[in-house]
Structures are given as C-alpha cells and as structure tokens.
Amino acid sequence: MPIIYFDRLLSSVGFNCFPTEAQSVEANGINVLRSVMTKYLTADLGNLSVNQYTKINLNGTNSFGSRLTSTSDGGIKIGPGVSKVLISARMLISSSTVGAHYIRIGKNNYSNVLGWVSHTNQFTSATFESIDITPALVDVSENDVIYMYYYVPSSSPTIYGNTTGCQTSLTVETVG
C-alpha cells in the first residue's frame, strides 16, 4: 500500500489508500473533503396550512462537494459514506397571530426530529421575525433526506423567500 497515491483517472488523492471517489482527497479510505448544501425558498409563501407540520419546498440550491444531492421536493439527500452532518435552518416570517410558530428539521419525515424551535411572542403585522435553528451535529445514513417544516396557528402569516437564500433556508454540511 502506497503512503500517497495520485489517481489521474479519478482526479483524486489517497493517503494510505487507493482513492475510490472522483475528485476526492481520501485518508485511510475516508473522503475528507466536506460537502455543503443550502436549500432556500426563492419566493414568499402565504395562505399557509394551519396547525400541522408542513414541508417547505425549498426550491433554490447552492452547494459545494458531491456527497449531498438536492431532491425535487425541497430536501437534501445524504450520499454514500456520510454518517454525521451539521444542520441549521432559518425562517423569516411575519404574523399578527397569537400563538406558537415553529420550524422543524426532520430526517425523512416531520416526526423524526433533528432540530426544532418555536417563536411564541405576539407578532405584529409590521414586524419580521427570524426563527433560527443553530448548527447541530446529527447522525445520518446514506439515502436519508433532510427536510424543513413549518407550523403556524393561522393561515395569515407570510414566510419570506428571495433569490439569494438569506431569508428562509436549510443548510446541511458533511463532517464524517
């Protein structure tokens, strides 16, 4: 076994191994290059579903690396060799409704909760509120799909989106 191996066909480098993935840096058979993907909402959502967790179809994508893929229904799919990821999310919302407003990050569905936070203060119609899930390290398996969900007490709130992804978004980063 070579100490270092340059694979010109895969455009990869292996340390104490032969690389198996294209455009990778692998050590002892593990790809050490991180992959990061942010899915975001490109337009505002109104007339929201009430008193139920509803998946947000995050339709914009910005990514780096090859171990995460975007799904057509707004999720981020975990690729081979990934067992740990960092997750985070942000939702910009305005509401004049009393009651809790939630965001949730779920693995494969809304009930397999990876992250969750609520905003319970009274909203005013002239106020935008950001509800954020700070980064958390979670366990995943190949082919798991990470989704973002909302829960609101009335249909009147607006969830804001834009073309740069800085208003409502979900980010997943591979770390192991």
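The values are calculated or read from the model by the stated rules, or taken from the named source; none is laboratory data. Everything numeric here is computed off the predicted structure, so don't read it as measured data. Don't worry about glycine lacking a Cβ; one is built from the backbone with ideal geometry, like all the others, and counts go over all protein chains shown. These accessible areas exclude ligands, DNA and RNA; they are computed on the full protein's heavy atoms, side chains included. Shrake-Rupley method; radii C 1.70, N 1.55, O 1.52, S 1.80 Å.
The equivalent ellipsoid of the range 37-148 has semi-axes of 27, 14, 12 Å, largest first, where each one is the square root of 5 times an eigenvalue of the Cα gyration tensor.
Computed from the Cβ-Cβ distance with R0 of 25 Å, the FRET efficiency linking N16 to N57 stands at 0.05.
Relative contact order for the chain: 29 percent, from Cα pairs under 8 Å spaced at least 6 residues apart, divided by residue count. Applied to the range 91-108, the Karplus parametrisation 6.51 cos²θ - 1.76 cosθ + 1.60 on θ = phi - 60° returns per-residue 3J(HN,Hα) values of 10, 9, 9, 10, 7, 10, 9, 6, x, 6, 10, 10, 10, 9, 9, x, 9, 6 Hz, with x for Gly and Pro.
Taking θ as phi - 60° and the Karplus parameters 6.51, -1.76 and 1.60, the scalar couplings of the range 139-156 work out to 8, 9, 10, 4, 6, 5, 10, 9, 10, 10, 10, 10, 9, 9, x, 8, 7, 6 Hz in sequence order, x denoting glycine and proline. The value of relative contact order for the range 1-41, using C-alpha pairs under 8 Å at least six residues apart, is 26 percent. Over the C-alpha trace of the range 11-101, radius of gyration and Dmax come out as 18.4, 59 angstrom.
Once backbone amide H atoms are built at 1.01 Å from N, T168 has L41, L92, N162 as its partners under 5 Å, excluding neighbours fewer than 5 places away on the same chain.
Sites listed here are trypsin sites (Lys or Arg not before Pro) in the range 1-51 whose DSSP assignment is loop and whose Cβ has at most 12 other Cβ atoms within 10 Å: R8. Once the 1.4 Å probe is applied to the protein heavy atoms, the chain comes out at 50 Å² accessible per residue. Residues in the range 38-76, backbone N under 18 Å from the label point at W116 (7 Å along the Cα-to-beta-carbon vector): list them, ranges by number please. Correct set: 50-56. A Gaussian network model of the chain, with springs between Cα atoms under 10 Å, assigns the largest mean-square fluctuation among G115, G81, G60 to G81.
Positive-end ranking of W116, S96, G81 along the dipole of the range 1-138, with charges on Cβ about the Cα centre, is headed by G81. The amide H of V117, built 1.01 Å from its N in the peptide plane, has I103 as neighbours under 5 Å, considering only residues 5 or more places off or on other chains. Around the Cα centre of the chain, unit charges on the Cβ atoms of Lys, Arg, Asp and Glu (plus for the first two, minus for the last two) sum to a dipole of about 60 debye.
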